[in-house]
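Down below is the structure, laid out as structure tokens.
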Number of protein chains: 4
Amino acid sequence: MTLRNGKEFLMIPGPTNVPEEVLRAMHRPAVDIYEGPLLETTNYCLKSLKTLFRTEGKTYIYAANGHGAWDSALCNTLKRGDKILVLESGRFALGWGEAASVSGLDVEILPGAWDKGVDPMRLEERLRQDSTHEIAAVLVVQVDTASGVWNDIATLRKAIDAANHPALYMVDTIASLGCMPFEMDAWGVDVALTGSQKGLMCPPGLSFVAAGPKADKAHETADLRTNYTDWTFRQGAEHYQKYCGTPPEHLLFAFHKALDLIFAEGLENVWKRHELLGEATRRAVAKWSKKGAVEFNISDPNARSNSVTVLRLANGDAAALRAFTQETCGVTVGGTIGELSGKGIRIAHMGHVNAVMLLGTLAAIELGFDKLAIPHCKGGVQAAIDYLAAMV
Amino acid sequence: MTLRNGKEFLMIPGPTNVPEEVLRAMHRPAVDIYEGPLLETTNYCLKSLKTLFRTEGKTYIYAANGHGAWDSALCNTLKRGDKILVLESGRFALGWGEAASVSGLDVEILPGAWDKGVDPMRLEERLRQDSTHEIAAVLVVQVDTASGVWNDIATLRKAIDAANHPALYMVDTIASLGCMPFEMDAWGVDVALTGSQKGLMCPPGLSFVAAGPKADKAHETADLRTNYTDWTFRQGAEHYQKYCGTPPEHLLFAFHKALDLIFAEGLENVWKRHELLGEATRRAVAKWSKKGAVEFNISDPNARSNSVTVLRLANGDAAALRAFTQETCGVTVGGTIGELSGKGIRIAHMGHVNAVMLLGTLAAIELGFDKLAIPHCKGGVQAAIDYLAAMV
Amino acid sequence: MTLRNGKEFLMIPGPTNVPEEVLRAMHRPAVDIYEGPLLETTNYCLKSLKTLFRTEGKTYIYAANGHGAWDSALCNTLKRGDKILVLESGRFALGWGEAASVSGLDVEILPGAWDKGVDPMRLEERLRQDSTHEIAAVLVVQVDTASGVWNDIATLRKAIDAANHPALYMVDTIASLGCMPFEMDAWGVDVALTGSQKGLMCPPGLSFVAAGPKADKAHETADLRTNYTDWTFRQGAEHYQKYCGTPPEHLLFAFHKALDLIFAEGLENVWKRHELLGEATRRAVAKWSKKGAVEFNISDPNARSNSVTVLRLANGDAAALRAFTQETCGVTVGGTIGELSGKGIRIAHMGHVNAVMLLGTLAAIELGFDKLAIPHCKGGVQAAIDYLAAMV
Amino acid sequence: MTLRNGKEFLMIPGPTNVPEEVLRAMHRPAVDIYEGPLLETTNYCLKSLKTLFRTEGKTYIYAANGHGAWDSALCNTLKRGDKILVLESGRFALGWGEAASVSGLDVEILPGAWDKGVDPMRLEERLRQDSTHEIAAVLVVQVDTASGVWNDIATLRKAIDAANHPALYMVDTIASLGCMPFEMDAWGVDVALTGSQKGLMCPPGLSFVAAGPKADKAHETADLRTNYTDWTFRQGAEHYQKYCGTPPEHLLFAFHKALDLIFAEGLENVWKRHELLGEATRRAVAKWSKKGAVEFNISDPNARSNSVTVLRLANGDAAALRAFTQETCGVTVGGTIGELSGKGIRIAHMGHVNAVMLLGTLAAIELGFDKLAIPHCKGGVQAAIDYLAAMV
């Protein structure tokens, strides 16, 4: 018996639920790329990215996914053979490091774990050891969707400063921008990047890069540039140069509208909404995990992100649970990937998510625990309700 | 602080949540009305209505809302001055009776109440009294969205038969077709009607009428006909006659798609889904109402509909609760109307509704009770979860 | 060999090409009908109808097609058995008269022809004969899409006045409002009506009625009212009363947007656009008809409408021509109906039509004449181009 | 006076008119990227690309525009410092060469002209001179939208063979695939690439690359790879690897639908449609240019492409003409770029274009010539009509 037929929810850590308004904004004819309203859209988007990243730096829009933005950050600032230090805390910083290897960079991993954030002390220690400043860049993700971890970007900056190290500080905010506070300039980030399909509520296919003055300086001597990623070309006066070719118009129409929605709500309010929904989720999980087979992947409560919560399910019932919530209830929750593959679920609460969507999702999960006899402590949804009642 | 930004839910008893596929089906150019694919759409819709109404009778599609269908039922079968008997059990049968008065019919109301269904015994009794068979038609609604009542159409038919009365039996299924079982032919209904915007998941603007042989016979001598409602004209061979003028194409595209969705799920499965979601709602309400200010409007558990549940809130906090769930959580629940105006809420669970939407809505309501300090017994959502876990 | 694959054009006299913006406006969830933004939409639409009809009278919106509006005009103002005078000039005034017969009105036709407009002298003469003022209403269409005629509404009013006759003057502007000038109050029209799907560029399913003071007065004693058409009910304070039931929301969203488009262009500019495109069409037809088998249906040049041009094709090749333009070129032109059925084509130039659409359509028709060896004089498109070059 | 309000046409050489069906296919929620229907879409698209390119080689889909595909072709097959030979015939092969320079390739241009195709003899001659086989790759575009030229890819291949040269043969089919015949395998092309937004009728944002065995072999030792472009990674088993990260879902939904449309029409029929519409355009231009200020940019009739026709306007009235057709008629034709900037117009007839769109566009241009008193010979549209009447 299925109770699925209704609006389908996609509570996975990207792509996320695309607002009706954003989908509607894409449903229109193409327009000229050399003149007319598209030029204004470009200006608006490039400028708004500064607002989102909280930077005075330069911003770039790529017809590409987040992996394309990874290349952009690396190829525009580094030289073949440069050493980079990748801060492990899940899957994605490692992936970025692997991408760097393809471009001929020398990748060193600062070992971490899948259940906690990057340790600032270890970063400082490693950088102090690098007395010749071989390390050209430090790469980290703010939120890793594979583990659910949140890294404290400001504190990690302080570790770099404490080591008095000149490395470029590059941050992947793909799973956090538009969800949790990010202050590129205030926190001393040199290159930040993100994608369209998570907190920014758009279809996938766009990625965004912001570069501060130190990155601009490094760009001058970078020798890994490719035409498509090259910042210099994209700073040209012609409109098509902003995109190194034909602008991805429909995705830009979508992004424009998504920006409107974010600014209408207010960026701080967006962050606060994610904070409350994230904590409500954690209250539910904390309750469920009091008994039985459910536990947080991230052991340190301070390192749990507000955009995605990763659960481990001891008895391997993740697949059954996900099938149940999808096929019987109408909500798709994320499966775990990488070293957690098959061992848990990922509940995304990022982007276009409100209280009723989140509570409905938590209820569907608790219903699944019950139906599938997965050992858990009842009352998770109730705990989430109780928390929110006290906070809203 | 609002947690509203996400998909908006419309859990009111009509119009209901329109499926993405149905909206998409309307997003297309108009087509010719004299030839081409629209003719096939007409055939499909007219035939499928027989399946929905469970009848071998004739079916009609109106560019009109449900009130237009009311007129169609009356004007096509009755004569000026005819007496009709309206079975009270909420607001809408009375409204139908008022409509009949405008056309010059003599309307008698069989008194009922807002908290229970029509009493078959009283109907039988009244009809027995009508020894001269003055009453030309009996009008009833299967579900009244104002009260939340469900009337037992089959049993009421038996009461008519027991009185051996020849009156036409007319049933408004606007709030029930596609939600709860309806068997026009098996139950001896002469005229049934419904609208597009509730269980049938379409935008409002279409209504549908089915007429059995006894109604066809009455039609021959009816003298209230108007051109637009006239069944005879609509039985003509020309395509435009089916609609008495230009077909409402885009709404027909929508209806065609909605029918596809219903048949893909299976009509019985649709009914079952509504039954489980309706009962889950009632489990929550039953729990909440164990203490304090919340109670069912319909006192008789057997007379509560599977498409909408009406709650009374003793302390008049309905407006605050509705505002909270809408503005803070993202779900609009219905306000009460008519004699219940301002005294409660209406939770619709009709049409395109799945488990996660319903549970999220119930959670938002319980959150609202808590936040607004409306006295209630906690655990309503939990009760709904427990019920569904046992049933799915 | 087909050259069809591209945007499909619908150059038939209704429904017409729906603008992208209008379709997009419908692609959204339903909303509450008792409160919120829909109420503002209703006010805007009702008020804007006054602007379109050029009246200070009352306006009504029906979930219905134009035939429903016909009933509304009749049932709200007349009494059973009243005599009405129908002014023949094509198919649609006759149809309106047939509709009146169903309601029990006594219908007299003032005979006319399919190739010219109503003769004001004959109208005056007939009304003078009616010394007892039996005729309660005079019915006429401004443009008849079956014949392509345009009737001079202002001059016909003068004929009524010249006869000093008190009959209500009712005008069907379904195929002319938003295409050609119409001045309800200035021209002394008592009831005007139209539909959504022609000059107003919306999907079919809405119709509109405007009533002046004399009609309001007649309404007080009208005895043909039905609930759904009743103006009195629709003047009620409750929002749902404006629609006698659930508002046809999505069609209203569409209509709101279409009104925005019309007002953005300017109503007079819209008329002017239709005038130029209409005359360009006539220049092409005049050229083609210099030789061979093509001729105007309307013999009087002053009686040809700016919204649709009807051609007679002497050799019966209408079907082949229409198939050719549709299947080979991508444009559907209208077939003729009624007594012209199969004998010609109808080229609509109403609503959302620009120069390139019209010229492309004329070119496709001329291409069809050539391909199918239908005798004609070449240079029709050139004549249209020459005319427009002199006028724009 | 504007006659613009109607469907807007975009007759520029990319992006092109996106079919309704394609836009509609994008208007849907995002889906999971690890499982479910998206995997089937990926398979379908990758396989269909083989059909479009007419190859048994490997195909790749990039979230990127055509410039991204340029990089993919180069970075996956070449080594830093490799010499490439760029065959000039307009703007875009030169642009590809400039892109190659950014990656550190040694770019030599085989000089050509903007008014004719690449000369096979000169290519053969140059390659014969390269006795040490320094030239690693030959780059050419099949159609250059800046000049309107069509290069004979098969004949150029023969020139390479005649020189017995081992260089990789790379062809940009961005402005020709889905418009004109292309036979990757039969013609001995090693790498072919295209974009979504021209003949393939999709929004911009996707580009496609096909690689034959010789390119695969070169890939093994290529040292310009970046992670995002890397073919090896994209051949991985995981679904996300096909896109090196999150798949651009909505654009894929669009592309899937566009492929359906192409296959429904038949690829050869699509080519034939473009051939007829291209020749009809040339017939009009040939007529106009018999007198006055209008002429073809491409002097060699055999080198004019079927996807875009470039006109020179001697008196510099290009801007006025384009403004007129757009603002008065509703069709945007392309402006010229590069060394032709401001000196002409580009009439695109690629992708989703039918006879009525093309004839309407030609009529709008002829109207503009007339209105703006740009010297020309009348009868261009008539010539197009006459040609098509003989051919369809």
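The values are calculated or read from the model by the stated rules, or taken from the named source; none is laboratory data. Note that the structure is a prediction, hence the values are computed from the model and not measured. Backbone-built Cβ (ideal geometry, glycine too); neighbour counts: all protein chains shown.
For this structure, a couple of remarks:
- Complete set of residues in the stretch B:245-281 that are under 18 Å from the mean Cα position of the chain (by Cα), assigned by TED's automatic domain parsing to the domain that holds residue B:25 and crowded, with 24+ Cβ neighbours inside 10 Å: B:255, B:258
- Of the residues making up the stretch C:100-144, just one is over 25 Å from residue C:53 (Cβ atoms), under 19 Å from the mean Cα position of the chain (by Cα) and either among the aliphatic types (A, V, I, L, M) or not assigned by TED's automatic domain parsing to the domain that holds residue C:172 (or both), namely C:113.
- Residue C:180 vs. criteria under 15 Å from the mean Cα position of the chain (by Cα) and either closer than 25 Å to residue C:165 by Cβ or within 14 Å of chain B (Cβ to nearest Cβ) (or both): no
- Of all residues in the stretch C:319-336, those that are farther than 17 Å from residue C:308 by Cβ, within 13 Å of chain D (Cβ to nearest Cβ) and not charged (D, E, K, R) total 6.
- Residue within the stretch B:354-364 that is hydroxyl-bearing (Ser, Thr, Tyr), in contact with a Cys (Cβ under 7 Å, 6 or more places away or on another chain), assigned by TED's automatic domain parsing to the domain that holds residue B:275 and closer than 20 Å to residue B:146 by Cα present: no
- Within the stretch B:282-330, being under 27 Å from residue A:273 (Cα atoms) and buried (at least 19 other Cβ atoms within 10 Å of the Cβ) holds for B:284, B:317, B:318, B:321, B:322, B:324, B:325, B:326, B:328, B:329, B:330.
- Among residues of the stretch A:345-377, those that are over 11 Å from residue A:277 (Cα atoms), outside any helix (DSSP H, G or I) and within 7 Å of chain B (Cβ to nearest Cβ), counted: 1
- Test: residue in the stretch A:196-205 that is in contact (Cβ under 8 Å) with a residue 24 or more places away in the chain, aliphatic (A, V, I, L, M) and closer than 20 Å to residue A:48 by Cβ: yes
- Within the stretch A:383-392, the residues that satisfy the criterion of being within 9 Å of chain B (Cβ to nearest Cβ), surrounded by fewer than 24 Cβ atoms within 10 Å (Cβ to Cβ) and touching a residue at least 24 places away in the same chain (Cβ under 8 Å) are A:386, A:391, A:392.
- Of the residues making up the stretch C:185-237, just one is within 24 Å of the chain's Cα centre (by Cα), among the small types (Gly, Ala, Ser) and farther than 29 Å from residue C:152 by Cβ, namely C:205.
- There is at least one residue in the stretch C:171-183 that is touching a residue at least 40 places away in the same chain (Cβ under 8 Å) and of a type in the set (D, E, K, R).
- Unique residue being small (Gly, Ala, Ser), in a loop (DSSP other than H, G, I, E, B) and out of contact with any Lys or Arg (no Cβ under 9 Å at 6 or more places or on another chain) when the list is C:264, C:237: C:237
- Residue that is nearest to the other protein chains (Cβ to nearest Cβ), among those in the stretch C:216-254 that are without any contact (Cβ under 8 Å) to a residue 40 or more places away in the chain and among the acidic types (Asp, Glu): C:238
- Of residues in the stretch B:67-99 being among the aliphatic types (A, V, I, L, M) and over 15 Å from the mean Cα position of the chain (by Cα), the one nearest to the other protein chains (Cβ to nearest Cβ): B:99
- Selection status of residue A:110, at pLDDT 95 or above and surrounded by fewer than 24 Cβ atoms within 10 Å (Cβ to Cβ): yes
- Test: residue in the stretch A:37-50 that is surrounded by fewer than 18 Cβ atoms within 10 Å (Cβ to Cβ) and at pLDDT below 95: yes
- The stretch D:303-319 - residue that is in a helix (DSSP H, G or I) and touching a residue at least 24 places away in the same chain (Cβ under 8 Å) and, of those, nearest to residue C:357 (Cα to Cα): D:318
- Residue in the stretch D:270-292 that is free of Cβ contacts under 8 Å to residues at least 12 places away in the same chain and more than 30 Å from residue D:318 (Cα to Cα) present: no
- Test: residue in the stretch D:119-137 that is at pLDDT 95 or above, under 22 Å from residue D:205 (Cα atoms) and not in a helix (DSSP H, G or I): no
- Check on residue B:257, within 14 Å of chain C (Cβ to nearest Cβ), part of a helix (DSSP H, G or I) and farther than 30 Å from residue B:103 by Cβ: yes
- All positions within the stretch B:36-71 that are of a type outside the set (Phe, Trp, Tyr), in contact (Cβ under 8 Å) with a residue 60 or more places away in the chain and not in a helix (DSSP H, G or I): B:54, B:55, B:56, B:57, B:58, B:59, B:61, B:63, B:64, B:65
- The single condition among (1) of a type outside the set (A, V, I, L, M); (2) assigned to a helix (DSSP H, G or I); (3) out of contact with any strand residue (DSSP E or B) (no Cβ under 9 Å at 6 or more places or on another chain) that residue C:322 does not satisfy is (3).
- Of the strands (runs of 3 or more DSSP E) contained entirely in the stretch D:140-212, those carrying at least 1 residues that are polar (S, T, N, Q) and buried (at least 24 other Cβ atoms within 10 Å of the Cβ) fall at D:191-195, D:206-211.
- Among the residues of the stretch A:141-162, those identified as of a type in the set (Gly, Ala, Ser) and out of contact with any helix residue (DSSP H, G or I) (no Cβ under 8 Å at 6 or more places or on another chain) are A:148, A:154.
- Candidates D:29, D:15 - the one that is touching a residue at least 60 places away in the same chain (Cβ under 8 Å), part of a loop (DSSP other than H, G, I, E, B) and not acidic (Asp, Glu): D:15
- Condition check for residue D:192: aliphatic (A, V, I, L, M), within 30 Å of residue C:5 (Cα to Cα) and more than 14 Å from chain A (Cβ to nearest Cβ): yes
- Test: residue in the stretch A:317-338 that is over 26 Å from the mean Cα position of the chain (by Cα) and modelled with pLDDT under 95: yes
- Filtering the stretch C:38-66 to residues that are at the interface with chain B (Cβ under 9 Å from one of its Cβ atoms) and among the hydrophobic types (A, V, I, L, M, F, W, C) leaves C:63, C:64.
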